[in-house]
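Quick notes on the structure that follows.
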Amino acid sequence: KISEVINIPVGELFIEGDIENIPAVSTSALVNVVRKNERRKLILYNSDIEYMLLSPSFHGRSELAMMELEQGQNSGVPKRHPFGEEFILVLEGSLTIRINSDAFILGPGDSITFDATIAHSYGNYSNEKTVIISGNTPPVF
């Protein structure tokens, strides 16, 4: 409410010094576009799932990948990462996600976030193709 009364963005309340002296950063240095036909593809050694990278590189603060899982395809044995958070959004089909001993079945439009240090796996146990977008922060590949 304070920022509304004095008519400045709330973030400016937390900047020390004169905002006019903050060096400008080129917008192009902060924006990355990955065209559909330029996506990198990755297949992990212990899986037959193809990851289509939506992130431009593994050097950012997060990574996004899209995967198409045919009937019966899964991520293999449960994995855990040393730190981070994971996000999955189902675009088409059905996805079963196992986190420790719990199972979650997600359909189109459903999403889940979880602590990536917890053992987790996922698979398509339906009769149709499943398409998901998965995000990790920080990147795990």
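For a paramagnetic label modelled on M66 (point 7 Å from Cα along Cα→Cβ), amide N atoms under 15 Å away belong, within the stretch 97-141, to 109, 130-135.
The chymotrypsin sites (Phe, Trp or Tyr not before Pro) of the stretch 68-114 that meet both conditions, a loop assignment by DSSP and at most 12 other Cβ atoms within 10 Å of the site Cβ, are F83.
The slack in the chain from I133 to L54, taken as 0.36 nm per residue of separation less the alpha-carbon distance, amounts to 27.5 nm.
Quick check: net charge around M67, other residues with Cβ under 14 Å of its Cβ, Lys/Arg +1 and Asp/Glu -1? Summing Lys/Arg as +1 and Asp/Glu as -1 gives -3. The residues of the stretch 70-123 present an accessible area of 54 Å² per residue when probed at 1.4 Å with all protein chains retained.
With R₀ set to 41 Å, the beta-carbon distance separating A119 from R35 gives a calculated FRET efficiency near 0.70. Protein heavy-atom surface of the stretch 98-140, 1.4 angstrom probe: 48% of the accessible area is carbon and sulfur, with nucleic acids and ligands not counted. Extending 7 Å from Cα along the Cβ direction at E92 and again at I112 yields two label points whose distance is 2.1 nm.
The values are calculated or read from the model by the stated rules, or taken from the named source; none is laboratory data. Here the structure is a predicted model, which is why all the values come from computation and not from measurement. A quick note on method: Cβ atoms are made from the backbone with ideal geometry, for glycine too, and the neighbour counts reach across all protein chains shown. In case anyone asks, the SASA skips ligands and DNA or RNA and just uses the protein heavy atoms, side chains included. Shrake-Rupley method; radii C 1.70, N 1.55, O 1.52, S 1.80 Å.
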